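These notes concern the structure reproduced below.
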Amino acid sequence: MDIAQEYRTRVTDMVHRSPRAVSVRFERPPGFSYLAGQFMFIELKRGTETLTRHLTISSSPTEPFLEVTKGLTGHPFADALAALVPGDEATVRGPYGIFTLDARDEDVVFISGGIGVTPLRSMARYATDTRLLTRITLLYSARTEEEILFGKEFDELQRTNPLFSAHVTVTQPAPGWTGHVGRIDRAFVEKVVPDVRGRGFYVSGPPALVDAVTAILREMGVADDRVRHEYFPGY
Ligand SMILES: Cc1cc2nc3c(=O)[nH]c(=O)nc-3n(C[C@H](O)[C@H](O)[C@H](O)COP(=O)(O)OP(=O)(O)OC[C@H]3O[C@@H](n4cnc5c(N)ncnc54)[C@H](O)[C@@H]3O)c2cc1C
């Protein structure tokens with residue numbers, strides 16, 4: 001059933017996540033219900049032009065606002081979104097998408113890079129807030145430490161949800177970084193997830209990352225029907 005609808009809403013907050021990403025929070029229109037991991041279209045007016053993109057709802061259905069988190073590409077939509085201020089109006093249309101947490105999965109592995117972490121943040125927050133009995137292991141790659149999105153929040157979720165763990169790797173570490181270094185390759189996946197049996201995999205991010213991780217999982221013997229993907233084109 002398609003329950004997507006169009007709503008007029010307003011910006012309530014801007015959260016600068018990193019030098020290359022910003023979150024925008026909107027009033028959640030009454031009646032807008034969605035599943036963790038879904039996306040929506042956002043329409044912004046710029047002069048006579050209307051700019052539209054679809055972005056994951058990075059908030060969780062348990063939160064009172066609607067949030068999206070956008071990679072700052074320097075292109076017109078990204079610039080218009082980053083220039084919003086509280087009180088500005090926007091049109092949103094949604095929710096859409098089937099990259100959502102299947103509550104029947106007891107043990108899941110989330111894998112993502114860069115901005116692709118947005119649906120996984122929504123799912124991890126949702127699972128924690130609703131005390132889902134789902135074990136979640138997040139593997140997340142960022143270019144630099146300052147580009148890690150939701151890092152403090154993942155630390156908090158690890159403290160409050162004994163079933164959640166986050167494993168972050170950085171490809172361009174600054175001196176002093178003591179965590180894992182490098183891309184998400186087979187060695188990193190095997191180190192964090194030595195046993196893939198019985199686990200569901202959720203992979204999201206730029207197409208090159210999703211394809212590379214899917215190939216690694218196949219090599220490790222994970223059946224294709226255990227892997228769900230969300231591709232973020234445009235990066
Ligand atoms: C399900 C889903 C969820 C998504 N969720 C998010 C999210 O949470 N956060 C997020 O940041 N992004 C998300 N995306 C990606 C998002 O929709 C945009 O594609 C992305 O953010 C880039 O948009 P942009 O306006 O910044 O760049 P764009 O201006 O769209 O540019 C993107 C690419 O297209 C090229 N390009 C642009 N115009 C042309 C042209 N006329 N001809 C040829 N090439 C061109 C650019 O050079 C660039 O490489 C999601 C995508 C999908 C499908």
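The values are calculated or read from the model by the stated rules, or taken from the named source; none is laboratory data. No experiment lies behind these values; they were computed from the predicted model shown. Don't worry about glycine lacking a Cβ; one is built from the backbone with ideal geometry, like all the others, and counts go over all protein chains shown.
Would you confirm whether any residue within the stretch 96-118 is within 11 Å of the ligand (Cβ to nearest atom), more than 20 Å from Ile136 (Cβ to Cβ) and not small (Gly, Ala, Ser)?
Checking the stretch 96-118: at least one residue is within 11 Å of the ligand (Cβ to nearest atom), more than 20 Å from Ile136 (Cβ to Cβ) and not small (Gly, Ala, Ser).
Within the stretch 109-149, count every residue that is in a strand (DSSP E or B) and surrounded by 22 or more Cβ atoms within 10 Å (Cβ to Cβ). Before you say what the answer is, go through the steps one by one.
Filtering the stretch 109-149 down to residues in a strand (DSSP E or B) leaves 109-113, 135-142.
When the remaining residues are screened for being surrounded by 22 or more Cβ atoms within 10 Å (Cβ to Cβ), the result is 109-113, 136, 138-142.
Here the count works out to 11.
State yes or no: is Val189 buried (at least 16 other Cβ atoms within 10 Å of the Cβ), out of contact with any His (no Cβ under 9 Å at 6 or more places or on another chain) and in a loop (DSSP other than H, G, I, E, B)?
No.
Do we find that Val11 is closer than 24 Å to Ala142 by Cα, more than 10 Å from the ligand (Cβ to nearest atom), surrounded by fewer than 19 Cβ atoms within 10 Å (Cβ to Cβ) and not hydroxyl-bearing (Ser, Thr, Tyr) in this structure? If you could, list the steps in order and put the result at the bottom.
Details: closer than 24 Å to Ala142 by Cα: no; more than 10 Å from the ligand (Cβ to nearest atom): yes; surrounded by fewer than 19 Cβ atoms within 10 Å (Cβ to Cβ): yes; not hydroxyl-bearing (Ser, Thr, Tyr): yes.
When the stated conditions are applied, Val11 does not pass them.
Looking at this structure, is Leu101 part of a strand (DSSP E or B), outside the structural domain of Val15 (by TED's automatic domain parsing) and touching a helix residue (DSSP H, G or I) at 6+ places or on another chain (Cβ under 6 Å)? Steps first, answer last, please.
On the way: part of a strand (DSSP E or B): no; outside the structural domain of Val15 (by TED's automatic domain parsing): yes; touching a helix residue (DSSP H, G or I) at 6+ places or on another chain (Cβ under 6 Å): yes.
Against the criterion (part of a strand (DSSP E or B), outside the structural domain of Val15 (by TED's automatic domain parsing) and touching a helix residue (DSSP H, G or I) at 6+ places or on another chain (Cβ under 6 Å)), Leu101 does not qualify.
Quick check: anything in the stretch 71-88 near the ligand (Cβ under 10 Å from one of its atoms), within 26 Å of Met123 (Cβ to Cβ) and β-branched (Val, Ile, Thr)?
Within the stretch 71-88 (the criterion being near the ligand (Cβ under 10 Å from one of its atoms), within 26 Å of Met123 (Cβ to Cβ) and β-branched (Val, Ile, Thr)), the answer is yes, since at least one residue qualifies.
Quick test of your reading of the structure: Glu27 fulfils all but one of (1) near the ligand (Cβ under 9 Å from one of its atoms); (2) farther than 20 Å from Gly97 by Cα; (3) modelled with pLDDT of 95 or more. Name the failing condition by number.
Result: Glu27 passes all but (1).
Tell me, please, whether a residue that is within 14 Å of the ligand (Cβ to nearest atom), on the phi > 0 side of the Ramachandran plot and crowded, with 19+ Cβ neighbours inside 10 Å can be found in the stretch 43-58.
Step one: of the stretch 43-58, the residues within 14 Å of the ligand (Cβ to nearest atom) are 43-44, 46, 49-58.
Filter again for on the phi > 0 side of the Ramachandran plot, leaving none.
There is no residue in the stretch 43-58 that is within 14 Å of the ligand (Cβ to nearest atom), on the phi > 0 side of the Ramachandran plot and crowded, with 19+ Cβ neighbours inside 10 Å.
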